[in-house]
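Below is one structure; the comments refer to it alone.
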Amino acid sequence: MASNNFFVPASVTSSGRPVLVPNEVECNLLSNVDIEHDQDDAVSFPPLKSGHFILTTHRLLFLSSSCSSTAVAIPLSVITHIFSSKRSLKSVFHSPRFRFQVSATPDNRILDSDPGRVTGLRSVVITVVVRGKGDWELFLSKMWECWRGRAWETTPSETGPASASASASLYASDGLVRMVGVGGLLRKEQEMWESTDRSLQEAFQDLNALMNKAKEMVMLAEKMRQKLLAGSSSQSNSANDEELGSKEEMQDWLLSVGIVSPVTKESAGALYHQQLSRQLADFVKIPLERAGGMINLIDVYCLFNRARGTALISPDDLSQACSLWEKFDVPVMLRKFDSGVMVIQSKSHSDEEVFGRLRALVTKPEALRHGISASDAAMTLGIAPAMAKEHLLTAEGKGLLCRDISPDGFRFYINLFSEIILDDLFLVKDYGIYSTWVKASSASGFW
């Protein structure tokens with residue numbers, strides 16, 4: 001996509017997902033959309049062709065299909081009017097389209113915030129041509145809702161005092177009725193049931209309000225995490241290891257509390273699995289770093305659903321999202337071991353590095369005599385025993401290790417068959433792994 005100075009530049013992640021500002025949530029998405037200027041306007045801009053058009057509570061985002069790392073935005077705060085769509089005979093033979101009006105500066109640019117008292121602004125009509133199969137009427141209705149909601153004027157810090165004042169008025173001391181006698185007990189029990197009924201109605205009748213409360217908790221967790229990050233960087237010289245460890249643990253916990261704007265079928269429509277795949281690629285980066293570059297698919301399913309809160313996904317949705325990574329330029333991949341175990345691993349993960357660490361472990365004198373188990377490898381690699389076993393089996397398939405099966409389970413040994421010379425089977429070498437194994441066995445009294 002060519003450079004376009006008319007719109008506000010927008011940031012995207014490495015997987016092509018938009019980077020949202022604090023308190024911003026995705027609402028809907030249209031695919032295969034063109035952005036054009038109205039022919040009657042004196043102000044013009046280069047048209048944007050064939051991209052994803054994303055509606056959030058704060059902005060309209062255009063992501064180019066040909067270059068996923070390029071994106072522009074139109075803040076909802078600069079929109080001055082949304083035109084009603086008119087149905088006519090001509091519209092039957094053309095792609096659906098809708099229009100809205102924005103404020104632009106004299107040098108033909110859109111401001112990245114509310115124009116306020118800026119003078120010299122001119123009006124520009126923007127036409128959105130929908131060439132895909134998305135529900136553009138639903139998109140337009142939600143655009144009306146977000147524009148009228150003016151969520152960009154609400155900051156996360158404003159939710160705290162409001163909730164505090166509400167709770168203070170709820171527990172005011174004026175008007176308390178003193179409960180005495182049997183009548184007082186019956187009245188108290190009746191009020192308790194009424195209070196319980198009101199609480200249940202407030203909690204379950206309005207799911208949108210419940211979701212808003214969940215979003216507030218996610219934003220609060222993110223705010224606390226940022227404060228912890230700032231505090232740990234400024235106090236790293238004076239804090240001891242125990243304090244730093246507790247702060248890092250708290251940061252990891254807060255990071256997994258929730259995703260502010262999870263991709264849903266309602267917001268993404270036909271592109272649900274594509275957008276879910278990109279969001280999942282962004283999400284697994286930190287868990288992969290903590291797990292050493294590889295993590296079980298079942299663990300990812302649990303972590304991802306916990307972060308999504310009430311917008312849960314099915315195992316089939318997760319599988320389809322992972323399978324789409326082959327089509328996208330993302331730093332992660334889905335891998336299936338010969339045993340059938342499926343994992344997510346970073347593309348920078350190297351099996352040769354793992355094999356080198358296993359070789360160093362299995363050539364120790366104690367390991368040469370008794371072999372190693374999956375638990376031994378897990379402690380060395382810093383991963384779960386189930387994942388360590390898969391690495392051991394892979395190393396066996398490469399000819400690095402040999403396996404011994406006993407009632408106690410699997411034991412893995414260094415492969416000495418490659419050290420044997422077929423022309424002289426009884427030759428005892430005085431060098432190499434074979435010689436080290438002979439010395440370790442002799443020292444233990446095996447011979």
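Here is a check on your reading of the model: is residue 328 surrounded by 14 or more Cβ atoms within 10 Å (Cβ to Cβ), within 21 Å of residue 382 (Cβ to Cβ) and touching a helix residue (DSSP H, G or I) at 6+ places or on another chain (Cβ under 7 Å)? In short, no. Helices (runs of 4 or more DSSP H) fully within region 303-375 that include at least 2 residues being farther than 21 Å from residue 387 by Cβ and out of contact with any Gly (no Cβ under 9 Å at 6 or more places or on another chain): 315-323, 365-370. Residues that are part of a strand (DSSP E or B) and over 14 Å from residue 268 (Cβ atoms) were ranked within region 8-31; the one that is farthest from the chain's Cα centre (by Cα) is 8. Considering region 331-354, and only residues there that are open to solvent by less than 20 Å² (accessible area, probe 1.4 Å) and within 19 Å of residue 399 (Cα to Cα), the residue that is nearest to the chain's Cα centre (by Cα) turns out to be 337.
Within region 11-24, residues that are acidic (Asp, Glu) have Cβ atoms under 9 Å from residues that are in a loop (DSSP other than H, G, I, E, B) in these pairs: 24/57; 24/58; 24/260; 24/261, counting only partners at least 6 apart in sequence or on another chain.
Restricted to region 355-366, and to residues that are touching a residue at least 40 places away in the same chain (Cβ under 8 Å) and open to solvent by less than 50 Å² (accessible area, probe 1.4 Å), which residue is nearest to the chain's Cα centre (by Cα)? Restricting to residues being touching a residue at least 40 places away in the same chain (Cβ under 8 Å) and open to solvent by less than 50 Å² (accessible area, probe 1.4 Å), the top hit is 355.
Taking each residue of region 380-393 that is over 19 Å from residue 289 (Cα atoms) and looking for partners that are in a helix (DSSP H, G or I) and open to solvent by 20 Å² or more (accessible area, probe 1.4 Å) with beta-carbon atoms closer than 6 Å, six or more apart or interchain, yields 389/374.
Conditions tested, residue by residue: (1) modelled with pLDDT of 75 or more; (2) open to solvent by 80 Å² or more (accessible area, probe 1.4 Å); (3) more than 25 Å from residue 78 (Cβ to Cβ).
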site	(1), (2), (3)
119	no, yes, no
125	yes, no, no
133	yes, yes, yes
146	yes, no, no
161	no, yes, yes
166	no, no, yes
196	yes, no, yes
200	no, yes, yes
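Within the set 288, 276, 303, the sole residue that is open to solvent by 40 Å² or more (accessible area, probe 1.4 Å) and within 15 Å of the chain's Cα centre (by Cα) turns out to be 303. Looking only at residues in region 85-96 that are open to solvent by less than 90 Å² (accessible area, probe 1.4 Å) and either part of a loop (DSSP other than H, G, I, E, B) or at pLDDT 90 or above (or both), the one that is farthest from residue 140 (Cα to Cα) is 88.
The values are calculated or read from the model by the stated rules, or taken from the named source; none is laboratory data. Note that the structure is a prediction, hence the values are computed from the model and not measured. Ideal geometry is used to build each Cβ from the backbone, glycine not excepted, and the neighbour counts take in all protein chains shown. Calculation scope for accessible area: heavy atoms of the full protein, side chains included, ligands and nucleic acids excluded. Shrake-Rupley method; radii C 1.70, N 1.55, O 1.52, S 1.80 Å.
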